[in-house]
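Every number here is computed from the coordinates shown, using simple stated rules; none is lab data. Model, not experiment: these values are computed from the prediction. Every residue, glycine among them, receives a Cβ derived from its backbone with ideal geometry; neighbour counts consider all protein chains shown.
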Amino acid sequence: MENPFKKIFGGRKDASFLGVDIGSSSIKIVQLKKKKGVVVLETYGELSLGPYAKTEAGRSTILSEAETAEALTNLLKESNVTTSECGVSIPLKSSLVFVMEMPTDDPKQLAQMVPIEARKYIPVPISEVDLDWKIIPKINHATSGFDESTDSSVKEKPKDIKKTEVLVAAIHKDTVAQKKTIIENAKLNLNFLEIEIFSTIRAVAGQNILNFAVLDMGSGATKLYLVEQGVIKDSHIIARGSQDITLNISRSTGISIDEAEKQKITIGVNGQTEKDKQVSDIVSSNLEYIFNETGKVILSYQKKYNKNIDKLIVTGGGAVLNGMVDFAQSHSEMEAEVTDPFSKIETPAFLDDLLKKVGPGFAVSLGIALRGLSQSE
């Protein structure tokens, strides 16, 4: 049986393609079609998984494969999905993405060396994972925007050492099997699995940004990706997500989880009345922790690679908060934006405002669908 993970980095001739993002608190789908060279949104949808575990909508939960397949099937019906061709995301926490330096760029030698060297990074037997890798293109490091001369912790780098950087991705075979079972039970045809980091960057990356960071605020955790000239250089998981903010609001104010979720979004960090400021203070303190951790990782990157980060792109369902752009800008000390991934494709005009509002949460599913369409050409 062909392994759908075999082409992580990278057809069919179906007219439409479906991106499926199975998260910890919800499932999101986006169906795209290409018409006369233009990518068009056909349908999209989201379904909370909390009720399937008999808890509140928006809560992170763990469901069985059968329960997840049932939820996905219901979402497909509600969203009027018309294609069975799909790609599915793999959460970063269920995978491993890292960069290795190798002494050769010969593909045949790398094919033998990478699995051996990768064992040093992977905490389980190499036989238990599906492994893929690609050579990172050479990047000119002659120009630097980060002045390390005043930082005594930066050591002089050895010169004239020819190294080849290789980006390696690994997924445990059990995770692959689980996703395949869910998709088969939902009567879909799985074209590929893709680690969410690649889907997100495909959906949110703009033009002419040399080095940027992506802060993906999920329900259970926040992921940080550092990208240099289109190449993923590093990734980190920050153990705090949008659900933590909601739960803190609920506990502190005594309101329900559902109401706390609404106030988190509508009030955000911009509370005006005394009552609203109680909510915005909770939101701000949680975001400050996330952005402080982000700052530490970015500073470490700048020291290691002698490069500045030009922009911070905030995405994920937790990014949809009142005042998020200004907060991100002031706490990262760089240009920041909340992504609008649906702006990259053609959508019905009457949905513009809604899609801009919910768009950050659909970056992964949209990125998967975009890859599916490109592979069909």
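Debye calculation, C-alpha points only, no solvent: report log10 I(q)/I(0) for region 189-290 at q = 0.15 Å⁻¹, in the same order as the q values.
Result of the Debye calculation: -0.73.
Cross-link candidates for K54: which lysines have Cα within less than 22 Å, leaving aside residues fewer than 8 places away along the same chain?
Reachable lysines: K28, K77, K262.
About the Cα centre, and with charges only on the beta carbon of Lys, Arg (+1) and Asp, Glu (-1), how big is the dipole of the chain? Nearest 20 debye, please. The partial results should precede the final answer.
Numbers: 45 positive and 50 negative charges, 171 e Å.
Computed about the Cα centre, the dipole is about 820 debye.
Which loop GluC sites (Glu not before Pro) in region 232-295, with loop taken from DSSP, have no more than 15 other Cβ atoms within 10 angstrom of their Cβ? Don't jump to the answer; show the numbers that get you there.
Numbers: sites: E259, E261, E274, E288, E293; in loops: none.
Loop-located and lightly packed - none at all.
Run the numbers for K275 and T82: contour at 0.36 nm per residue of separation, minus the present Cα-Cα distance, in nm.
Full-extension gain reported as 64.9 nm.
Could you tell me how far the Cα centroid of region 186-215 sits from the Cα centroid of region 297-375, in Å?
11
Filter K311/K356; K233/K304; K138/K311 down to the pairs with a C-alpha to C-alpha distance above 18 Å, please.
K311/K356; K138/K311, as the Cα separations exceed 18 Å there.
Can you tell me what share of the DSSP beta bridges in the chain is antiparallel? A percent to the nearest 5 is fine.
Taking every DSSP beta bridge within the chain, about 70 percent pair in antiparallel fashion.
Give, as a single signed number, the net charge of other residues whose beta carbon lies under 12 Å from the beta carbon of E293, with Lys and Arg counted +1 and Asp and Glu -1.
Charge balance in the 12 Å sphere: +2.
Would you mind estimating how fast the chain diffuses translationally, via Stokes-Einstein at 20 °C and 1.002 mPa s with the Kirkwood radius over Cα pairs, in µm²/s?
For these conditions, the coefficient is 98 µm²/s.
For the chain, what does the helix formula give at 222 nm: sum of -39500 (n - 2.57) over DSSP H segments with n ≥ 4, over the residue count, nearest 500 deg cm²/dmol? Numbers along the way, then the final one.
On the way: 10 runs with 132 residues, N = 377.
The helix-only estimate for the chain comes to -11000 deg cm²/dmol at 222 nm.
Using the Cα centre as the reference, give the magnitude of the dipole from point charges on the C-beta atoms of region 226-304 (Lys, Arg: +1; Asp, Glu: -1; all else neutral), rounded to the nearest 20 debye.
280
Which of the peptides 22-28, 168-174, 132-138 is most tightly packed, and how do the rest follow, judged by the mean count of other Cβ atoms within 10 Å per residue? Before the final figure, lay out the partial values.
Numbers: 22-28: 22.4, 168-174: 19.3, 132-138: 15.1.
Result, highest mean first: 22-28, 168-174, 132-138.
Semi-axes, largest first, in whole Å: what does sqrt of 5 times each Cα gyration tensor eigenvalue give for region 258-377? All intermediate terms of the calculation are to be shown ahead of the outcome.
Numbers: eigenvalues 147, 113, 24 Å².
Semi-axes (√(5λ), whole Å): 27, 24, 11.
Any chance you could list the semi-axes, whole Å, largest first, of the equivalent ellipsoid that the Cα gyration tensor gives for region 13-56, using √(5λ)?
29, 8, 6
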